[in-house]
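Contents: one structure, followed by commentary.
The values are calculated or read from the model by the stated rules, or taken from the named source; none is laboratory data. Keep in mind that what you see is a predicted model, and the values were worked out from it rather than measured. Counting neighbours? That spans all protein chains shown, and the Cβs are built from the backbone with ideal geometry, glycine included.
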Amino acid sequence: GEIFLENYNKKLKYFALYDDVVVVQDVIPEDGQPPFKRESFSEKLEGYPSENLVVLLGYPKVNQKQDVIKGNIIILRDNNETIEVDNANSNFRLK
């Protein structure tokens, strides 16, 4: 992995993880929905703490509730159920 600091205040600007990255998140939505666990898998992860987002690259896949989301690039935000997907290849369970 790699860690990048900002020169002027030494805060974490960016980090990257490589080779079979697994992320397990306890998501507590801000809109009052019940909390749930989200699992993500990818070959590379890029994190931007100042923006509260994680970018998954390299055959990313996210398991969220009963949904399986796949695409070329997946963007996750902290405590947000919404996922941004580029070139989606997903299976959704409609209610």
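Observations
- Residues that are surrounded by 15 or more Cβ atoms within 10 Å (Cβ to Cβ) and either of a type outside the set (A, V, I, L, M, F, W, C) or over 13 Å from the mean Cα position of the chain (by Cα) (or both) within the range 53-65 comprise Gly58, Pro60, Lys61, Gln64, listed in sequence order.
- When the residues of the range 66-86 are filtered to those that are touching a Lys or Arg at 6+ places or on another chain (Cβ under 9 Å) and surrounded by fewer than 17 Cβ atoms within 10 Å (Cβ to Cβ), the one that is nearest to Val54 (Cα to Cα) is Glu84.
- Residues of the range 22-38 classified as touching a Pro at 6+ places or on another chain (Cβ under 9 Å) and of a type in the set (A, V, I, L, M, F, W, C), total: 3
- Taking the listed residues Val21, Val85, Val68, the one that is outside any loop (DSSP other than H, G, I, E, B), farther than 24 Å from Ile3 by Cα and within 12 Å of the chain's Cα centre (by Cα) is Val85, with no other qualifying.
- Check on Lys13, modelled with pLDDT of 85 or more, of a type in the set (Lys, Arg) and assigned to a strand (DSSP E or B): no
- Test result for Asp31, part of a strand (DSSP E or B) and either loosely packed, with under 13 Cβ neighbours inside 10 Å or modelled with pLDDT under 90 (or both): no
- Residue selected from the range 14-27 under the condition exposed (fewer than 13 other Cβ atoms within 10 Å of the Cβ) and among the aliphatic types (A, V, I, L, M), by the criterion farthest from Glu51 (Cα to Cα): Val22
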